[in-house]
Amino acid sequence: MKIKVALVLAVSLFSSALWAEKISLVGATVINPADGKVLPNATVVIDGHKIERVAMGRQDAATLGKQISCVGKFILPGYIDTHVHFFQSADLFTRPDGADFNSIRPYKDEVAWIKSHLEDDFARYIRSGITSVVDVGGPMWNFEVREKANATAKAPRVAVAGPLISSVSREKLDLGDPPIVKIDTPEQARQFVRTLAEKKPDLVKIWYIVDKDHPVDAFRPIVRATVEESHAHKIRVAVHATELETARAAVEEGADVLVHSVIDQPVDDAFVKLLKDRHVILCPTLVVFERYGRTFSHQLNLTPQEQKWGNPEVIASLDVTKILQDKLPQRVKDALADPKAALDRIKKTYDVALPNLKKLEDAGVTIAAGTDAGNIGTIHGPALFREFQLMKEAGLTPMQILQCATANGAKLFDGETGAHIGNLQNGYFADLVILNSNPIDDIGHASDIDIVMKNGVAYPADSILQ
Ligand SMILES: [Zn+2]
């Protein structure tokens, strides 16, 4: 097997560097969640960076180029995580507005570390079989992240939103290029969207935070202006809105994407119909809802995949008991004093969010898998497999989960990229995951990865992080 793997690597590097040497992956079971079809004993013919065809049964050897046996393997489109943030590392120090550890690690040092580890993040996505991601908001330097990813072979395809248009401010994150910008009037919103549009964002993001000082209706005119101006520039709008009435207001004002589950109450039929009628895409981000509380209360439940494929420095930072008591923010002290309360809050969130996901999926709303990776404890790359577990707990089938993480995720991308990812069809990019075991039997097998192919270049999974 080692020799075969080396051959795949050599052959595809050759063919992408030059042109047109074909390779064919022969004899695998091909699973295409886009149409729900499972093809046994299939052949995937790859020509350069694209899929030439997927066919069943015996093929004319003369049309196959170099043949690679994949008997006993399972081939899927590369996974897509539609909610990540590259300006956050997932370590303990990455959100000083939520838990301020500046006295231990100044936030500017944290940001410098993040900027110097982008290629490391990219590789961890590829190791996890994730060949495309959507960064739904960060500083203006997010646009440089997209450029860097596009110029890096061992990186996922990256779509980005720029800074979040927000109802609240977050001064502690502002080092001169803030990820979150408080907008106070519709005209300010329009002006900001016009500035963003020059950078050609894939999405415009709204942070629709409500509390007693920021009621839903107060920010609504700004949401409306943002949507109108973005749509005038042919850019879709993604909204953070975690309460039912906030999410409803966002969609009524024209939001195209909801980037989280509704977590405060069960969704009602009118809301489900609204999402369906407007063709809104919803990204559940279940994993992030447990990770702040579990990290702060020293109850973190990283999966084996996260332990193995996450950044070790990030993971080491998440042990709050290593920090001197008098340096701990009050929020963390409180969580450590009463871990059960933290776990109860998480359970309460899932008691609402999981049935909501099931109801939306059953109704035919487009669900795109996403993690919110980069937030404290939500590990870049393998967090997606914890998200799959939680989607399974919600009652989704393995094929539904895989559809959310491939064909549906692709709908967040526009243009050429969006039209050529998330599907195993003629002319699509050769972004593939080759698994050792069948994810339709058990979604846990989705992380049993043998080879990841991005843009026609194959990487033996075990070699990626070496
Ligand atoms: Zn987010």
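The values are calculated or read from the model by the stated rules, or taken from the named source; none is laboratory data. In this text the structure is predicted, and so the values were computed from the model without any measurement. Virtual Cβ from ideal backbone geometry, glycine too; neighbours counted across all protein chains shown. Each accessible area value is taken on the protein alone, full model and side chains, heavy atoms only, with ligands, DNA and RNA left out. Shrake-Rupley method; radii C 1.70, N 1.55, O 1.52, S 1.80 Å.
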Handout entry: Pairwise FRET efficiency - S463 versus E187, Cβ, R0 = 45 Å, nearest 0.05
Key = 0.25
Handout entry: Where Rh is the Kirkwood radius over Cα pairs, Rg/Rh for region 127-204
Key = 1.03
Problem - Set K37/K358; K148/K322; K50/K73; K205/K276; K199/K358 screened for pairs whose C-alpha atoms are more than 25 Å apart - result: K148/K322; K199/K358
Handout entry: region 181-299 - Rg over Rh from alpha carbon coordinates, Kirkwood radius
Key = 1.00
Practice task
Could you rank K348, K234 by how accessible they are, 1.4 Å probe, largest area first?
Solution key: K234, K348
Handout entry: K308, K73, K154, reordered so the largest accessible area comes first (probe 1.4 Å)
Key = K308, K154, K73
Fill in the blank from the handout: Counting only protein heavy atoms and leaving out ligands, DNA and RNA, the solvent-accessible surface of S230 at a 1.4 Å probe, in Å² to the nearest 10, equals 0
Exercise for the section: Find, to one decimal place in angstroms, the Kirkwood hydrodynamic radius of the chain, where the mean of 1/r is taken over every pair of different Cα atoms and then inverted. Expected result: 22.6
Practice task
Take each of the peptides 178-186, 237-245, average the number of other beta-carbon atoms within 10 Å over its residues, and list them starting from the highest.
Solution key: 237-245, 178-186
Handout entry: Area of E144 that stays accessible when all protein chains are in place (1.4 Å probe, Å², to 10)
Key = 120
Practice task
Using a 1.4 Å probe and ignoring any ligands, DNA or RNA, find the accessible area of D431 and quote it in Å² to the nearest 10.
Solution key: 10
Practice task
Write down the radius of gyration of region 120-159 and its Dmax, each obtained from C-alpha positions, in Å.
Solution key: 9.6, 27
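Provide the three semi-axes, in whole Å and in decreasing order, of the ellipsoid equivalent to region 34-179 as defined by the square roots of 5 times the Cα gyration tensor eigenvalues. Kindly include the intermediate steps, with their values, before the conclusion.
Details: eigenvalues 352, 41, 37 Å².
Largest first, region 34-179 gives 42, 14, 14 Å.
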Fill in the blank from the handout: Between the alpha carbon centres of region 339-354 and region 64-102 the gap in Å comes to 25
Exercise for the section: At q = 0.18 Å⁻¹, work out log10 I(q)/I(0) for region 309-412 with the Debye formula, treating every Cα as an identical point scatterer and leaving solvent out; two decimals please. Expected result: -0.99
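Between E144 and A270, take the C-beta separation as r, use R0 = 30 Å, and let me know the FRET efficiency to the nearest 0.05.
Efficiency, from the Cβ-Cβ distance: 0.10.
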Exercise for the section: Work out which helices of the chain, taken as complete DSSP H runs, extend at least 15 Å along their axis over the Cα atoms and score a mean Kyte-Doolittle of 1.0 or more, then list them. Expected result: 2-17
Exercise for the section: With no solvent and one equal point scatterer placed on each C-alpha of region 374-466, evaluate the Debye formula and give log10 I(q)/I(0) for q = 0.11, 0.13, 0.18, 0.20 Å⁻¹, two decimals. Expected result: -0.36, -0.51, -0.99, -1.19
Problem - Taking only Cα atoms of region 277-369, radius of gyration then Dmax in Å - result: 16.6, 53
